[in-house]
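First the structure, in the form of structure tokens, and then the observations on it.
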Amino acid sequence: MLNRTISPEVKQIDKIDFVKPQIFDISKDVKLFFMKEVPNETARLDLYFDAGTINGDTGIASFVNGMLLSGTDEKTSTQINNEIDELGGFFESGVSNENAVVTMYSLRENVLPILKVMTNAIQNLVFHQHEVEELVNDRRQKFKTSMEKVSFLAQRAFQQRLFSESIYGRVTNESDFDTISTDSLKHFFKKNYLNGLTKVVVVGDLTQDEIDEIIDLIGSWASNTTTEFEKNIKNLKGYSHLVKDGAVQTAIRVGRMLFNKTHEDYNDFLILNTIFGDYFGSRLMSNIREDKGYTYGIGTMVAELHNVGYFIIATEVGKDVKDATMLEIQHEITRLQTELVGDDELNLVKNYLMGQLLKSADGPYSMTDLYMSVEPYGLDLDFYNTSIDSLNNITPERIQELAIKYLNWNDMTVVSAG
Amino acid sequence: MIHFERFKLDNGLTVLFHKDVTTPLAVVNTLYDVGARDESEEKTGFAHLFEHLMFGGSVNIPDFDAPLQMAGGESNAFTSNDITNYYNILPAKNLETALWLESDRMLSLGFTTKSLEVQRNVVIEEFKQRYLNQPYGDVWLKLRPLAYHVHPYKWATIGKVIKHIEDAKMEDVKAFFHKHYNPANAILCIAGNFEFENIKTIVTKWYGDIPGGIKPARILPAEPEQEELREEIIERNVPTDAFYYAFKMSERRNEMYYMADVLSDALGRDKSSRLYISLKKEQKLASEIGAYITGSLDNGLLVISGKLNDGVSFETFDKALWKELKKLEEHPISDKELARLMIKMHTSKEFQDQGLLNRAMNLCQFELLGDANGINEEHEIYKAIKPSHIQETAIHILKPTNCSILKVKATQNAE
């Protein structure tokens with residue numbers, strides 16, 4: 001008779017294979033990373049540019065990024081998009097604080113034809129006035145819609161207070177849409193795209209000749225300057241609330257400046273972060289969602305920048321339980337600081353994180369992303385072996401020590417909107 | 001080509017196995033043939049609330065997630081108007097942990113009062129977060145009853161009103177489970193680097209003794225043919241006027257479904273689509289515009305939606321849109337246009353198929369349609385579509401008497 005009350009034996013993951021992409025030089029400082037082992041017809045190409053929001057006045061980076069395929073003297077934006085679509089390509093572009101990334105997805109046989117259309121469009125971009133106006137209008141509408149969301153309002157205020165005096169703390173205002181000039185867009189584009197390529201990533205079963213051809217096509221954009229990123233950023237501690245009339249939920253953001261992968265406490269802190277709020281069975285989820293039912297979800301994460309990082313707790317809760325939620329978050333911090341994590345819970349989190357790492361290394365796309373998330377810090381895939389060591393050696397005492405060191409409520413920037 | 005094997009247990013459970021030697025992971029996907037369309041009109045939102053309760057402990061195991069996490073895995077689920085789908089991803093060597101957990105909650109749930117109380121609150125917060133506290137969040141709560149008068153697609157999976165969720169009783173929960181959660185009403189797919197014989201053995205071990213049930217008959221009221229243009233205007237505190245044109249289209253198991261899918265791509269999939277070029281780029285009437293199909297199993301909707309540019313009236317936009325739709329009825333699309341739509345579709349299919357979870361979920365969904373091998377046949381169905389088919393579909397679908405229009409008027413623009 002089957003005993004359904006006992007779990008089948010859990011087997012440990014003893015090893016994870018990490019596969020490094022091949023690396024080619026485009027110029028002295030700019031490299032192409034190539035993951036060839038793709039067992040199907042798909043391919044992805046990413047171009048990274050030194051064109052993040054910190055590289056220009058507020059709004060500029062995002063506008064230029066949105067205009068990349070907006071037309072040349074020969075072709076309209078519609079013609080360019082049509083050519084890419086006829087080759088079955090998907091084009092995406094996006095901006096973060098520190099860089100801009102342009103991505104195309106396609107079948108491998110179409111990588112070069114699409115890249116040719118794309119490089120031609122970018123190389124000869126002219127910023128037609130009607131395209132600039134259209135984008136400004138679209139973005140203004142989207143911005144107004146975002147400003148109606150408590151999650152956006154809280155995130156925006158959090159960013160301002162977390163990064164306080166730093167350039168990372170600037171946010172877009174509606175007035176920015178009125179002051180955009182075509183000249184400033186052109187200037188940013190020339191400096192940060194045509195001379196701003198910082199790396200290229202190719203995933204797909206391409207030939208060496210095709211890789212060489214990619215390098216030829218985009219090599220002239222290679223950046224020869226290095227951006228200096230800020231190091232010492234201090235968050236504004238304490239609480240502030242934004243009123244949003246009519247909201248039935250309140251968004252909460254709590255966090256502080258922290259470190260990135262280069263810090264000695266990073267790996268161990270990630271284990272603490274998971275226990276606290278980064279999986280379905282976390283302390284915050286178990287208490288605030290699964291016990292109290294205050295929210296659909298609550299989570300924590302460590303976000304990384306080039307020289308620093310930050311820790312954040314994010315949730316949306318019923319408007320009448322905002323204060324109760326804040327108290328429960330503090331209560332969970334106190335528990336982590338005053339009580340040792342039990343062995344069962346710690347083992348569970350260790351196994352869960354090993355499973356997550358196995359998943360992050362599964363398949364050529366995930367594997368490449370895993371590598372690209374250590375590469376900016378001058379680290380190699382061996383970093384993940386140190387993560388595994390950290391999982392094997394972590395103790396309840398160490399978790400407590402880190403909670404005392406890094407999770408003090410009084411060090412936090414606390415924001416709510418609702 | 002996606003390979004699979006199939007077998008059936010005596011209790012009625014259909015099992016699919018998909019072998020992938022390249023991955024160290026396993027996926028266990030379970031599709032239950034129950035969705036919001038199977039709810040009674042007085043108790044909506046139930047299939048989805050129930051999905052939450054499936055994580056609240058089963059008859060022999062007090063907690064679903066913790067043992068799975070202990071085995072290095074993770075789990076989630078979704079509910080649609082048609083189906084409820086549960087999945088686990090975990091290291092392949094711990095496959096049995098997932099089968100132990102999934103089979104026990106198929107056998108029976110814990111039915112604790114605490115779980116019901118908490119998940120009622122969680123779902124109410126989900127209702128607020130996704131439908132009430134977002135600009136344009138309640139659009140589908142309005143559009144569904146406009147387009148459907150009789151068929152249960154007239155309510156959203158989250159439910160008609162919060163009160164239905166508040167009022168959910170334990171006896172309702174139990175009745176729902178006993179009716180819909182039995183092996184005969186489920187399709188299980190296991191994907192990973194395993195041998196078929198081993199899969200048969202361990203699936204039989206964990207699922208074989210679950211009592212068989214009766215697959216509940218589904219008798220839903222058919223939506224009568226729409227004979228008039230329907231229109232509703234709602235005023236909301238949003239920054240921009242928005243429009244939603246919903247056209248009735250065929251059920252999933254019909255070649256017209258595929259034609260409508262291609263038609264929606266021609267209208268508004270990407271930046272070279274007809275509506276994007278004409279109404280946004282050339283006439284500058286809309287700031288956003290797109291078209292898609294709901295993908296429902298019963299008669300679905302082809303939806304054209306977007307936002308108006310500031311200063312553009314609904315009337316102006318409306319005229320221009322119908323004029324553009326008319327062109328598809330009057331002239332077949334060119335071979336070149338059709339080829340463009342096909343290659344985009346091909347690229348996305350290749351990307352979708354490379355995910356192990358996607359393959360497992362799709363195999364279950366095609367099995368529900370009649371045969372899991374449909375996953376390999378779909379491409380041929382699309383390739384057989386001719387420009388004349390698109391034209392006929394446009395004539396059939398894109399007419400005012402088949403259309404329900406929802407307009408969201410920004411309060412500041414209201415007169």
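Worth a mention:
- Identity of the residue in the stretch B:45-84, among the hydroxyl-bearing types (Ser, Thr, Tyr) and under 17 Å from the mean Cα position of the chain (by Cα), that ends up surrounded by the fewest Cβ atoms within 10 Å (Cβ to Cβ): B:Ser80
- When residues in the stretch B:93-116 are screened for being out of contact with any Phe, Trp or Tyr (no Cβ under 9 Å at 6 or more places or on another chain) and more than 9 Å from chain A (Cβ to nearest Cβ), 5 of them pass.
- Any hit, the stretch A:294-304, residues being part of a loop (DSSP other than H, G, I, E, B) and more than 24 Å from A:Met372 (Cα to Cα): yes
- Considering B:Gln129, B:Gln119, the condition of being without any contact (Cβ under 8 Å) to a residue 12 or more places away in the chain, within 12 Å of chain A (Cβ to nearest Cβ) and either among the aromatic types (Phe, Trp, Tyr) or not in a loop (DSSP other than H, G, I, E, B) (or both) is satisfied by B:Gln129 alone.
- Test for B:Glu197: is it outside the structural domain of B:Leu398 (by TED's automatic domain parsing), out of contact with any Phe, Trp or Tyr (no Cβ under 9 Å at 6 or more places or on another chain) and at pLDDT below 95: no
- Residues being without any contact (Cβ under 8 Å) to a residue 12 or more places away in the chain and touching a strand residue (DSSP E or B) at 6+ places or on another chain (Cβ under 7 Å) - total across the stretch A:4-25: 2
- Residue in the stretch B:145-157 that is among the charged types (D, E, K, R) and in the same structural domain as B:Ile83 (by TED's automatic domain parsing) present: yes
- Among the strands (runs of 3 or more DSSP E) confined to the stretch A:1-55, the ones with at least 1 residues that are within 14 Å of chain B (Cβ to nearest Cβ) and under 30 Å from A:Asp389 (Cβ atoms) are located at A:31-35.
- Meeting the requirement of 3 or more residues that are outside the structural domain of A:Phe163 (by TED's automatic domain parsing) and under 22 Å from the mean Cα position of the chain (by Cα), the helices (runs of 4 or more DSSP H) wholly within the stretch A:355-418 are A:364-372, A:382-393.
- Members of the stretch B:73-84 that are over 15 Å from B:Leu297 (Cα atoms) and either in a strand (DSSP E or B) or not assigned by TED's automatic domain parsing to the domain that holds B:Pro24 (or both): B:Glu74, B:Ser75, B:Asn76, B:Ala77, B:Phe78
- Any hit, the stretch B:360-367, residues being charged (D, E, K, R), within 13 Å of chain A (Cβ to nearest Cβ), in contact (Cβ under 8 Å) with a residue 60 or more places away in the chain and more than 24 Å from A:Thr145 (Cβ to Cβ): no
- Any hit, the stretch A:124-134, residues being in a helix (DSSP H, G or I), out of contact with any Ser or Thr (no Cβ under 8 Å at 6 or more places or on another chain) and in contact (Cβ under 8 Å) with a residue 12 or more places away in the chain: no
- The stretch A:287-304 - residue that is among the small types (Gly, Ala, Ser) and touching a helix residue (DSSP H, G or I) at 6+ places or on another chain (Cβ under 9 Å) and, of those, nearest to the other protein chains (Cβ to nearest Cβ): A:Gly293
The values are calculated or read from the model by the stated rules, or taken from the named source; none is laboratory data. None of the values given here were measured: they were computed from a predicted structure. Heads up, the Cβs are rebuilt from the backbone with ideal geometry, glycines too, and the neighbour counts pull from every protein chain shown.
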